[in-house]
1. Quick test of your reading of the structure: Ala206 fulfils all but one of (1) aliphatic (A, V, I, L, M); (2) open to solvent by less than 30 Å² (accessible area, probe 1.4 Å); (3) farther than 21 Å from Asp69 by Cα. Name the failing condition by number.
2. Of all the helices (runs of 4 or more DSSP H) wholly in the range 47-132, which have at least 2 residues that are at pLDDT 90 or above and either surrounded by 12 or more Cβ atoms within 10 Å (Cβ to Cβ) or β-branched (Val, Ile, Thr) (or both)?
3. Taking the conditions exactly as written (of a type in the set (Asp, Glu) and at pLDDT 55 or above), does Asp154 satisfy them or not?
4. Can you tell me which residues in the range 183-196 are closer than 22 Å to Thr279 by Cα and surrounded by fewer than 16 Cβ atoms within 10 Å (Cβ to Cβ)?
5. Regarding Val223, is this residue open to solvent by less than 50 Å² (accessible area, probe 1.4 Å), of a type in the set (Val, Ile, Thr), within 25 Å of Gly23 (Cβ to Cβ) and modelled with pLDDT under 90?
6. Go through (1) open to solvent by less than 60 Å² (accessible area, probe 1.4 Å); (2) not in a strand (DSSP E or B) and name the single condition Val212 misses.
7. Of everything in the range 260-269, what is modelled with pLDDT under 90 and open to solvent by 70 Å² or more (accessible area, probe 1.4 Å)? Give them in sequence order.
8. What tally of residues in the range 12-34 results from selecting those that are of a type in the set (Ser, Thr, Tyr) and in a helix (DSSP H, G or I)?
Amino acid sequence: MSENNEETTTIGARLKAARTAKGLTIDDLQQITKIQKRYLIAIEDEQFDKLPGDFYVRAFVKQYAETVDLDGNALLEEYRDQLPSVHTETIVENVDEVQPSRVASREQPASPASRVRNYLPTIIVTAIVVLILLFIWFMAVRTHAFSSSSTSADSSSVQVSSSKKQSSSSKASSSAKSSSKASSAKEQTIKANGSSDTAYTLTNGADKNKVVIKSTKAAWTSVTTNGTQTWQGTLKADGSHTLTLPSNATTVKFQFGNATATTVTINGKAFNFNPKNSTSQVRTITLTIK
């Protein structure tokens, strides 16, 4: 009886018990955390030597714990004697070995020839700009001298042309205001594609849609835009993350590791991606933007 109690107090057994309590399999955990299945099994079996290194042991354990609603930092502190420590001495020695060569390279003085080569592009560009300005000044003086002789003859035609331009500008402004009113009358909508509860379509959205993801519990989320991952991370309880989709976004895929504890708003309006109140925690939602 005492042997069973001792086993359940190990870090591997505690993590496995928390995962089982949440109803997650090793495959579910691999999909949520993106940690390879063999590393997750090694953590539960406390075979830490099978992980890539001591740093990854603590990082993977912390991410595993937060995914199954445990406090990662507290767990690392509680079981610090069972976990390998991260050795920083080797890193410091490597930095000391490389540093002298960097200092030496910075102390080498630049030769006069190299200084001239550095400033040569600036000198050339400045000369070109000066020549262009002189040419523009010459043409302006010449044009002014020519136009002054015909100013009185053309004054009436200029007035007529000016009045036509003002009328045209007024019509264009009125047309732009009408177009603006028509576009503002359209409201953003997000509707399911038929009877599906995993595929939706966004219409009348912004040029760059603003997405806010919030969670009431620890929840992993991934956002992929046009086939390219835009963001992924694990939110803490009552945490949030804001991201702006690119203007060319047409397809957005949301992957939720804890969907029942996660909410999403797009341009300040709620995106109800679970209208059927599904209790499934791991869900993938596709949003088409038109």
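The values are calculated or read from the model by the stated rules, or taken from the named source; none is laboratory data. What you are looking at is a predicted structure, and each value in this text was computed from that prediction instead of being measured. Counting neighbours? That spans all protein chains shown, and the Cβs are built from the backbone with ideal geometry, glycine included. Ligands, DNA and RNA are excluded from the accessible area calculation, which covers all protein heavy atoms including side chains. Shrake-Rupley method; radii C 1.70, N 1.55, O 1.52, S 1.80 Å.
1. (2)
2. Details: elements: 54-67, 72-78, 89-107.
Output list reads 54-67, 72-78.
3. Working: of a type in the set (Asp, Glu): yes; at pLDDT 55 or above: no.
No.
4. Within the range 183-196, the first condition is being closer than 22 Å to Thr279 by Cα, and the residues that meet it are 190-196.
If the condition is that a residue be closer than 22 Å to Thr279 by Cα and surrounded by fewer than 16 Cβ atoms within 10 Å (Cβ to Cβ), then Lys191, Ala192, Asn193, Gly194, Ser195, Ser196 are the ones that fit.
5. Working: open to solvent by less than 50 Å² (accessible area, probe 1.4 Å): yes; of a type in the set (Val, Ile, Thr): yes; within 25 Å of Gly23 (Cβ to Cβ): yes; modelled with pLDDT under 90: yes.
Yes; evaluated as a whole, the condition is true for this residue.
6. Checking Val212 against (1) open to solvent by less than 60 Å² (accessible area, probe 1.4 Å); (2) not in a strand (DSSP E or B), the one that fails is (2).
7. We begin by selecting, within the range 260-269, every residue modelled with pLDDT under 90; these are 262-266.
Listed by number, the list holds a single entry, Thr263.
8. Of the residues in the range 12-34, the ones of a type in the set (Ser, Thr, Tyr) are 20, 25, 33.
Narrowing further to those that are in a helix (DSSP H, G or I): 20, 33.
Of the residues in that region, 2 qualify.
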